Each structure stands twice: as C-alpha cells, then as structure tokens.
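The values are calculated or read from the model by the stated rules, or taken from the named source; none is laboratory data. Every value quoted in this text rests on a predicted model; they were computed, and no experiment measured them. Using ideal geometry, Cβ is built from the backbone for each residue, glycine included, and neighbour counts are taken over all protein chains shown. The protein model used for the area step is the full one, side chains on, heavy atoms only, and it has no ligands, DNA or RNA in it. Shrake-Rupley method; radii C 1.70, N 1.55, O 1.52, S 1.80 Å.
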Amino acid sequence: MTSYGTCVLWGSPHSYYTGKIRSYLIKKGVPYREEFAFHPQFRTRILPAVRHVVVPILETPDGRILQDTTDMIEHIEAAMPLPPMIPGTPVQKAIAWLLGAYGSEALLPPGMHYRWSYRAEQENFLCAEFGRLLHGGPDREARYATARQTMQYFNDFLPILGVTPQTIPTIEAAYCELLDALDEHFLHVPYLLGGRPSIADFGLMAPMFAHLARDPVPATLMKNRAPNVYRWTERMNLARIGDGEFPDCPETYPANDEIPETLEPVLRLVFQDWGAQLLADARTYNGWIESKPAMPAGTLVSASGERKVHPSLGPMEYEWRGCTVQRASSPHGLWHFDKAAAYARALSGEAKSRFDSLVSRTGGERVMAIRLARPMRREDYVLVLG
C-alpha cells in the first residue's frame, strides 16, 4: 500500500455525505482527522475557498480543498491506486458507478423524510447532533438553540425533494422494498459487488448511515426489518475488508466480471424508482439547453444563477408508482448518473452484451438510453456546462 498522508475531513456524524467519504477513507486506509464546523479555521480558511456553507470538505496532505465526495474519491484513487475501491473490469465498473450515483442522489428523499417527517419523535437526538457540529463547548441550551435554527432550514427541504403528504406512503413503501432486497443480498455477500467494497457501497452509505441507520426512528426500522443491512453499515466503518461472517468469501470482486445474482432485485428497484426521476430530470435539463442554445462552456447549471451544491433548473412533475411527484429538478443527480452511463456507453463486444442483458432483465433500458443535450462538469465547486 502506498501512503497518502493525513487528510482533514471537515464533516459531522449526522451528515449525509460525510458518511460516504468517511467510510471510503476508512476502507482505503487513508489517515484522517475529523473536524467540525465550529472550529475557527472552518470560517477563516475553508468557507472563503469553497464559498458554500457545507460539509463534508476534504483537505488533502498537499493542500487541496475538495468539496464533492465523488471528486474526493476520484482524486485519492488516482493518487493512491492500491487497494482499489473501483472495479477494474468493465461491467462491474459501470454497475458500481451506477449504484454509487443512486445512493448519493436518489435516496435523498427517503433519507430526509425519515429525519424530518419524524422530527418530533427524535427531536432531542437531532438537536444534540446538529449542536455537536455547530457549537463548541458543553452548554446544552446554547447548543440546542444554535441547532434548531439550522434544523428548520433542512426541514424545509422536504417539498423541494418531492416529500409531501401525498407521496410519503409511496416513499416509505419503496424504501421498505429496497431494504428487503438489500437484506437478502447482504445475507450472501458482505458488499454490493461481493467480497470487497466499491464506489457502489460508499455511495449507498451516504443515506444509509447518518440518516437511516443513526436517526432513532429509521434506525429502529432498519434493525428490525433489515438487520443484514444494518450490519453492512457497521461493516462499512471497519478498516478490515473481510468479515468473519463470510470466511469463504474472497476479499475481491467476483471473477470474470460477474455481478452477484442477488444484486439484480436491487438493480430493478434502482431503475424503477430512480428512473422515473431521471427521465423527468433529463427532459427538464434538455429543455433548458434547447431554450438557451448559445450558452458558453462554463455556464453555471442553475435556473437562478445562484451558486449551490445542489442547484435546480426549476420545478418538474412526473408519475411514480401511481402518485404524482412535484419537486425541484436535480441536475446534480443527472450529472452523477451520466458519469455512470458514460462507462456503460463505452462498453463493447462481450461486455456490452452482458451489460445490456443485465439491464434488460432488470428493466433499465429506458433509463440507460438517457442522453444529455450537453455534458456537465464540476468546476470551482459548482456544476457548469461542458
């Protein structure tokens, strides 16, 4: 293993995306120390650099400041190839990136729903967690007062994500189906692609750890309904790759570029549930491009022109599992998906045939046919046109 040096992770235990990058650093074997936003240097050095009030942010040993967790993982994988956390074979790589994108973006609605729709049942825990991030010192009341201001800000995100009284029953039903499929899968193998973690697992840790496995209400649901999923969240924060539960499972990705059969029900839900949103997002994004054909490369992808970590191109509406979803569009999720789709589009020969067959069996043909009118890229901590 090549030493990478010690990073500084500006994050928090209850942060959605901190759970993703923390798990990666642990499994990758990258030394780090975690700092919270109340630290004076967060405001004097970090915020002026990224110009977003957001965690996580990663400072690398060579002084780089990285804000997006996917950018963080790609940067470290390039600098420290071993041990690999992205499969090297073509079909596994495409599927790993697809599942990583799904976890990073598609599960924001259930993650935020189970945190904020059940706020009253877990208020003390949430106040403690937000206060831990925002206020140094042991003054409980001061911590909680600071916490509640920020908590209301995030609480108000629910309609933007399409979480409404009309959609909540469907969101919960879909999430429980996902738990069931993942629970069966993790009965057979320790990680999504087999015997070692990948970008797929780290993406899924974003929602599954801080929101859904730590907050009291969804944590109880996960432990009771899907104990193998809960055990996976524990495994993902242990440095060791292998697990005594699976003594005969090689600490590798499956041979011959194979995908575990038990992963197919999970993929079917990915295409069904994220697919409806992705198709709507693609229509919104391509319509925005067509309405402004002269936009130069580097144009901010944002209807308002405001710098945001998760920008929007305006409201959109689509049908999903028999209900109408009204929410803000999500070009950042579309960017994530298109990164994965690019690996799929690059397949050829026998690998392409196997991938296409897998997509056909799991109902993903319409989703994988999505094409963006123009590419997007991340530049200066925001999403811009390529």
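Checking the structure you have, find out if any residue of the range 238-254 is surrounded by 20 or more Cβ atoms within 10 Å (Cβ to Cβ), touching a residue at least 40 places away in the same chain (Cβ under 8 Å) and of a type in the set (S, T, N, Q). Show your work before the answer.
Let us first name the residues in the range 238-254 that are surrounded by 20 or more Cβ atoms within 10 Å (Cβ to Cβ), namely 253.
If we keep only those that are touching a residue at least 40 places away in the same chain (Cβ under 8 Å) too, we end up with 253.
Still in the running and of a type in the set (S, T, N, Q): none.
Checking the range 238-254: not a single residue is surrounded by 20 or more Cβ atoms within 10 Å (Cβ to Cβ), touching a residue at least 40 places away in the same chain (Cβ under 8 Å) and of a type in the set (S, T, N, Q).
List the residue pairs whose Cβ atoms are under 6 Å apart, where the first residue sits in the range 182-197 and is within 19 Å of Leu25 (Cα to Cα), the second is open to solvent by 10 Å² or more (accessible area, probe 1.4 Å) and among the hydrophobic types (A, V, I, L, M, F, W, C), and the two are 6 or more positions apart or on different chains.
Here the result reads Pro190/Phe246; Gly195/Cys249; Arg196/Ile241, each pair linking the range 182-197 to a residue that is open to solvent by 10 Å² or more (accessible area, probe 1.4 Å) and among the hydrophobic types (A, V, I, L, M, F, W, C).
When you look at Ala213, is it over 21 Å from Lys93 (Cα atoms), outside any loop (DSSP other than H, G, I, E, B) and in contact with a Ser or Thr (Cβ under 7 Å, 6 or more places away or on another chain), yes or no?
On the way: over 21 Å from Lys93 (Cα atoms): yes; outside any loop (DSSP other than H, G, I, E, B): yes; in contact with a Ser or Thr (Cβ under 7 Å, 6 or more places away or on another chain): yes.
When the stated conditions are applied, Ala213 passes them.
Are there helices (runs of 4 or more DSSP H) fully within the range 44-136 with at least 3 residues that are touching a residue at least 60 places away in the same chain (Cβ under 8 Å)? List them.
On the way: elements: 47-50, 69-79, 90-101, 108-116, 123-134.
Those helices (runs of 4 or more DSSP H) span 69-79, 90-101, 108-116, 123-134.
Looking only at residues in the range 145-180 that are among the hydroxyl-bearing types (Ser, Thr, Tyr) and part of a helix (DSSP H, G or I), which one is surrounded by the fewest Cβ atoms within 10 Å (Cβ to Cβ)?
Here is the first cut: in the range 145-180, the residues among the hydroxyl-bearing types (Ser, Thr, Tyr) are 146, 150, 153, 164, 167, 170, 175.
Now narrow it down to the ones that are part of a helix (DSSP H, G or I): 146, 150, 153, 170, 175.
Details: Thr146: 18, Thr150: 15, Tyr153: 10, Thr170: 16, Tyr175: 24.
Ranking the candidates gives Tyr153 first.
From the residues in the range 223-239 that are assigned to a loop (DSSP other than H, G, I, E, B) and out of contact with any Asp or Glu (no Cβ under 9 Å at 6 or more places or on another chain), which one is nearest to Ala181 (Cα to Cα)?
Filtering the range 223-239 for residues assigned to a loop (DSSP other than H, G, I, E, B) gives 226, 236-239.
Subsequent filtering for residues that are out of contact with any Asp or Glu (no Cβ under 9 Å at 6 or more places or on another chain) retains 237-239.
Values: Asn237: 22, Leu238: 23, Ala239: 26 Å.
Ranking the candidates gives Asn237 first.
List pairs: first residue in the range 141-156 and farther than 15 Å from Tyr114 by Cα, second residue outside any helix (DSSP H, G or I) anywhere in the structure, Cβ distance under 6 angstrom, at least six positions apart or on different chains.
Ala142/His135; Arg143/His135; Thr146/His135
Might you check whether a residue that is touching a strand residue (DSSP E or B) at 6+ places or on another chain (Cβ under 7 Å), at positive phi and of a type in the set (Gly, Ala, Ser) occurs anywhere in the range 279-290?
no
Checking Ala341 against (1) open to solvent by 50 Å² or more (accessible area, probe 1.4 Å); (2) modelled with pLDDT of 95 or more, only one condition comes out false. Which one?
(1)
If you scan the range 30-43, which residues turn out to be surrounded by 13 or more Cβ atoms within 10 Å (Cβ to Cβ) and not in a strand (DSSP E or B)?
Passing the criteria: Val30, Phe36, Ala37, Phe38, His39, Phe42.
Only residues in the range 269-288 that are within 15 Å of Glu105 (Cα to Cα) count as the first member; pair them with residues that are of a type in the set (Ser, Thr, Tyr), Cβ under 6 angstrom, at least 6 apart or cross-chain, and list the lot.
Listed by first residue and then by second, the contacts come to Val270/Tyr102; Phe271/Thr362; Trp274/Tyr102; Ala276/Tyr318; Ala280/Tyr318; Asp281/Ser329; Asp281/Ser330.
Any residue that is closer than 24 Å to Leu66 by Cα and touching a residue at least 24 places away in the same chain (Cβ under 8 Å) - is there at least one of those in the range 321-330? Don't jump to the end; show me each part of the working.
Taking the range 321-330 first, the residues closer than 24 Å to Leu66 by Cα are 330.
From what's left, touching a residue at least 24 places away in the same chain (Cβ under 8 Å): 330.
Yes: the range 321-330 contains one or more residues that are closer than 24 Å to Leu66 by Cα and touching a residue at least 24 places away in the same chain (Cβ under 8 Å).
Can you tell me which condition Arg231 does not meet? The list is (1) open to solvent by less than 20 Å² (accessible area, probe 1.4 Å); (2) under 20 Å from His185 (Cβ atoms), and all the others hold.
Just one mismatch for Arg231, condition (1).
If a residue must be in contact with a Phe, Trp or Tyr (Cβ under 9 Å, 6 or more places away or on another chain) and surrounded by fewer than 19 Cβ atoms within 10 Å (Cβ to Cβ), how many such residues does the range 296-328 contain?
The qualifying residues number 6.
Can you name every residue in the range 345-386 that is more than 22 Å from Ile95 (Cα to Cα), surrounded by 16 or more Cβ atoms within 10 Å (Cβ to Cβ) and hydrophobic (A, V, I, L, M, F, W, C)?
Once the filter is applied, which keeps residues that are more than 22 Å from Ile95 (Cα to Cα), surrounded by 16 or more Cβ atoms within 10 Å (Cβ to Cβ) and hydrophobic (A, V, I, L, M, F, W, C), the range 345-386 yields Val382, Leu383, Val384, Leu385.
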